[in-house]
Amino acid sequence: MKKYIINNTNNLTFQTRDKADEYAEEVLKLKKYIITDKVSNQIWEYELTKTGYKYRISSLQASSSKYGKCKCCGKHVSEVFLQDEARYLKYEENEEIDNGYTCHRCNNYVGHKECLEAKRR
């Protein structure tokens, strides 16, 4: 069942979130986009920065009482968000050049959406 949709793309649907993400970035060439799970209504916001980083942020649908205080400002959070960071990497292996995203030396934070967005590189 195709349940992931890239918002504002005339209802293109995909079986996995990764496929929707790949299509939005590589085919549609989007730098900022939202993917929604049509079944659970979970939303993921993506942004690719000019510095080579890619961010995915989504609500954990709970407060600080479950996930702790904001990792950026240390204050209580009524709706905790998770931000994943990845960086673009181009490398050579067996005389072939390859590229993609890695989470190596990247950060993942939970906290206020505004605080997390301010931490982006």
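Laid out as a table, the results:
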read-out	value
Answer label for Rg and Dmax of the Cα atoms in Å (calculated), chosen among (1) 15.9, 51; (2) 19.0, 65; (3) 15.1, 44	(1)
Isotropic mean projected area of the C-alpha convex hull, region 1-54 (nm²)	3.5
Using a Förster distance of 25 Å, the FRET efficiency for residue 90-residue 11 (Cβ separation, nearest 0.05)	0.15
Approximate spin-label separation residue 39-residue 121, in nm, with each point projected 7 Å along Cα-to-Cβ	3.5
Accessible surface ranking that places the most exposed of 51, 13 first, with a 1.4 angstrom probe	51, 13
Nearest-20 debye value, region 28-73 charge dipole, Cβ charges on Lys, Arg, Asp, Glu	180
Taking the chain and dividing mean pair separation by its residue count, relative contact order in percent (alpha carbons under 8 Å, at least six apart)	17
Within region 28-65, backbone nitrogen closer than 14 Å to the virtual label 7 Å beyond the Cα of residue 106 toward Cβ	45-58
Using a Förster distance of 22 Å, the FRET efficiency for residue 50-residue 19 (Cβ separation, nearest 0.05)	0.30
Dipole magnitude of the chain, debye to nearest 20 (Cβ charges: Lys/Arg +1, Asp/Glu -1, about Cα centre)	680
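The values are calculated or read from the model by the stated rules, or taken from the named source; none is laboratory data. These numbers were taken from a predicted model, which means no experiment stands behind them. Cβ: placed from backbone, ideal geometry, glycine included. Neighbour counts: every protein chain shown. Protein only, heavy atoms only, side chains kept; ligands, DNA and RNA dropped before computing areas. Shrake-Rupley method; radii C 1.70, N 1.55, O 1.52, S 1.80 Å.
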